[in-house]
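One structure below.
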């Protein structure tokens with residue numbers, strides 16, 4: 001009798017043209033991350049022992065404003081998303097664009113919300129995009145293992161090894177590297193610049209409302225290396241004063257830079273200036289994708305085109 005009743009219910013659902021998990025008013029679940037970007041490139045989802053976590057300093061999780069963020073939920077994910085845009089041409093070395101998410105976020109949500117893969121594809125650069133997981137959905141800027149000496153070089157080696165194993169490239173030599181990140185990503189980027197092991201390869205740094213601290217590390221890189229830095233900040237995001245302080249230091253050191261409101265940003269300005277500070281009227285979460293800022297920075301940068 002129970003079997004007959006279940007069969008009748010299932011038949012009624014099928015006759016109505018929808019599966020049990022797709023009742024009226026419910027959106028279909030998103031496609032798996034590895035399949036979601038098939039129209040513009042190839043997304044490879046893998047893991048690495050050289051991501052931020054697990055780390056001994058978060059073995060017991062993290063407490064912020066009285067709330068505990070357990071390690072097993074927020075500090076164990078070793079995911080690395082690798083996006084190869086359509087038209088990518090392999091060469092003797094591979095250019096890489098690393099993007100790091102900020103607080104209360106994760107790789108999957110970051111790709112969707114900020115259109116990171118779409119912006120890289122639209123930029124036309126001949127580079128591979130890499131998003132390593134950080135503190136997952138937690139309010140935490142700690143960069144874990146990527147704050148340690150040489151670990152970033154290990155992550156790059158893992159990424160290039162994966163690309164070779166997948167037949168995307170033949171040589172595992174790293175080319176130019178771009179570091180980009182939003183909000184709390186500033187910390188891991190700063191330590192990669194000083195301890196990551198591939199500082200000479202880093203040609204561009206993009207801070208999306210992210211200069212909260214570690215300013216001396218960014219200043220050291222600006223002073224010692226020829227790469228480009230773009231810092232877009234907002235009035236309310238908490239990054240304006242550190243950005244103004246860094247500008248004061250650069251003036252004192254006679255290092256030229258451009259400082260403009262976002263409405264005055266042009267491709268010519270971005271190409272002509274090695275250091276650019278952009279005062280944005282947008283909200284904190286709008287400085288990455290609302291005006292396709294990542295695409296614009298990449299397309300005016302030093303990376304080769306597809």
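Every number in this text was worked out from the coordinates using simple rules, so none of it is lab data. Note that the structure is a prediction, hence the values are computed from the model and not measured.
Details
- Residue of 286, 95, 245 that the Gaussian network model of the chain assigns the largest fluctuation, springs spanning Cα pairs under 10 Å: 245
- With Cα atoms, 0 to 90° folded angle of helix 240-252 axis to the chain main axis: 30
- From its DSSP helices (H runs of at least four residues, each -39,500 (n - 2.57)), the chain gives a residue-normalised ellipticity at 222 nm of -9000 deg cm²/dmol.
- Using alpha-carbon coordinates, inclination of helix 151-165 to the longest axis of the chain, degrees: 50
- Whether the range 261-306 is rounded, prolate or oblate, judged on the alpha carbon gyration tensor where a/c under 1.5 counts as rounded: oblate
- The range 35-299: antiparallel DSSP beta bridges as a percent of all, rounded to 5: 30
- Computed over the range 187-306, the Cα gyration tensor eigenvalues convert (square root of 5λ each) into semi-axes of 20, 18, 15 Å, ordered from largest to smallest.
- Histogram of C-alpha separations across the range 35-96, 5 Å bin width, %: 4, 15, 16, 16, 13, 11, 10, 9, 4, 1, 0
- Computed on the range 35-299, the Cα convex hull volume stands at 122 Å³ per residue.
- The chain: angle of helix 2-15 to the longest principal axis, Cα-based, in degrees nearest 10: 60
- Overall dimensions of the range 96-229 as given by Cα atoms, namely Rg and Dmax in Å: 14.2, 40
- Within the listed set 43, 189, 52, the Gaussian network model of the chain (springs between alpha-carbon atoms below 10 Å) gives the highest mean-square fluctuation for 43.
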